1. So, in segment 89-108, exactly how many residues are at pLDDT 90 or above and open to solvent by 70 Å² or more (accessible area, probe 1.4 Å)?
2. What's the number of the condition S56 fails, among (1) under 11 Å from the mean Cα position of the chain (by Cα); (2) farther than 30 Å from S35 by Cβ; (3) small (G, A, S)?
3. Taking the condition open to solvent by less than 20 Å² (accessible area, probe 1.4 Å), under 29 Å from S13 (Cβ atoms), hydrophobic (A, V, I, L, M, F, W, C) and touching a Ser or Thr at 6+ places or on another chain (Cβ under 8 Å), does V32 pass?
Amino acid sequence: MSKFLLMIQRIQSLFLLFSAIFSLIIVFYFPVLKSTEITIYLTENLSYARLSVFLSVGLSIFSIFQFKNRGRQLIINQVSKLFISIAFIIIIFQRGELNFAIGLFLFIIPYLMIILANYFIKKDEKLVKSADRIR
C-alpha cells in the first residue's frame, strides 16, 4: 500500500493518470466528427483511432508504475504521445466531408498532460543527479 501511495504523491503520476482519464472521457463522451445530421464518436467508428487512444491510455497507466526507472518512463510517455498523434492523424484523414467536433480538439489536453509529466520526470532526474554529485 505504501508503494502505491509513493507513486501517486508524485505530480507526474497525477498528470499521467489525468491524461489516461481525459483520453477515455474523449473516447466515450465527446464527438470527434460531425455534420448537420451525423455525429461520430470514437466508440462507433474509427476503430484504429480508438485502438490508438486505448494503447496510449494503457501506456500512460503502465508508465505510472515505472516510477523507479525514469528513463524508461520518459520513453513510454513519448510512445504514448505518439499514439495520441496517430489517433489525431487517423481522424483527420478519415473525415471525408465531415467537420471537426470538440472531441478532436480535446486531444490537446492528454497530450499536454504527458508533456507536463515528462517535464517533472526530467526535473526529478536532475534533482537525483545533483544529490549524487554532493555525495
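The values are calculated or read from the model by the stated rules, or taken from the named source; none is laboratory data. Only a predicted model underlies this, so the values are computations on that prediction, with no experimental measurement involved. Ideal geometry is used to build each Cβ from the backbone, glycine not excepted, and the neighbour counts take in all protein chains shown. These accessible areas exclude ligands, DNA and RNA; they are computed on the full protein's heavy atoms, side chains included. Shrake-Rupley method; radii C 1.70, N 1.55, O 1.52, S 1.80 Å.
1. Going through segment 89-108 one residue at a time, the tally reaches 5.
2. For S56, the failing item is (2).
3. Values: open to solvent by less than 20 Å² (accessible area, probe 1.4 Å): yes; under 29 Å from S13 (Cβ atoms): yes; hydrophobic (A, V, I, L, M, F, W, C): yes; touching a Ser or Thr at 6+ places or on another chain (Cβ under 8 Å): no.
Criteria not met by V32.
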